[in-house]
Amino acid sequence: MNENELEQLKEQEGHWVAVSDLMAGLMMVFMLVAVVFMINVETERNKIRDVAILYDTLRTQLYEDLQREFAPDMERWGAELDKDLAFRFNNSEVLFDQGDAVLKGEFEAILADFFPRYIRIITQEQYRDDILEVRIEGHTSSAWSGAASDDDAYIRNMNLSQQRTRSTLAYVLGLPPVQADKNWLKSHLTANGLSSAKVIRNEQGTENPDRSRRVEFRVRTDAESRIATILDQIAP
């Protein structure tokens, strides 16, 4: 090998050393970015876990407070409380007349007793800032006498359930004991008619019309929105 060839070989070796150094540097940068990304993902995952734990604890405590307050009354009201914080009035005979949206006197008496105590509990300091919505839900069976079709029955029941929830909302909002919380209620309390979208079924899978006709008060926390915000922050 002559001197020129030796010089060319040295230049080539120097070139490949420079390229390999560059590649090694890029690999280190990529690894650093990957490590930082994984740390951020783990941090956000921990935030989501903490939010989930916080709201599971809140839901459990609120359920226990509501259960303790209303356990003596639920049987005579024809009501029940689920652990998902749905307070359900099932006795359709005391709620409304068939096809009517005017509250019966017996249901008004129940609401006058129930609602102020309910609001007193859920607006306590440890709950009120974490409550996104208090939903009044109206549910019907799938039947409608004289309906031209299933769709017709569904639409008619939708109108009826919406009118009933608005009647319920108007009544509880006007109760004297809750006037001090009127502003909070008007920003959190909603009326939602759901027709026969969520009928109650028997063990055999058939619809239970009587239990399907019901009114529910359901608390929604802002856990979902807080988790969604965290996910948006880590989305690429």
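The values are calculated or read from the model by the stated rules, or taken from the named source; none is laboratory data. All of these numbers come straight from a predicted model, not from anything done at the bench. Cβ sites come from the backbone with ideal geometry, for glycine too, and all protein chains shown count toward neighbours. The accessibility values were calculated without ligands, DNA or RNA, using every heavy atom of the protein model including side chains. Shrake-Rupley method; radii C 1.70, N 1.55, O 1.52, S 1.80 Å.
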Query raised in the report: Hey, any idea what % of region 62-180's accessible area is carbon plus sulfur with a 1.4 Å probe?
Result: 45
Query raised in the report: With a sphere of radius 10 Å drawn around the Cβ of residue 134, what net charge do the other residues whose Cβ falls strictly inside it have (Lys, Arg +1; Asp, Glu -1)?
Result: +2
**Report entry** Dipole magnitude (debye, nearest 20) for region 85-236, charges at Cβ of Lys, Arg, Asp, Glu
**Finding:** 240
Report summary line: With the 1.4 Å probe rolled over protein heavy atoms, region 124-226 has an accessible area per residue in Å² of 54
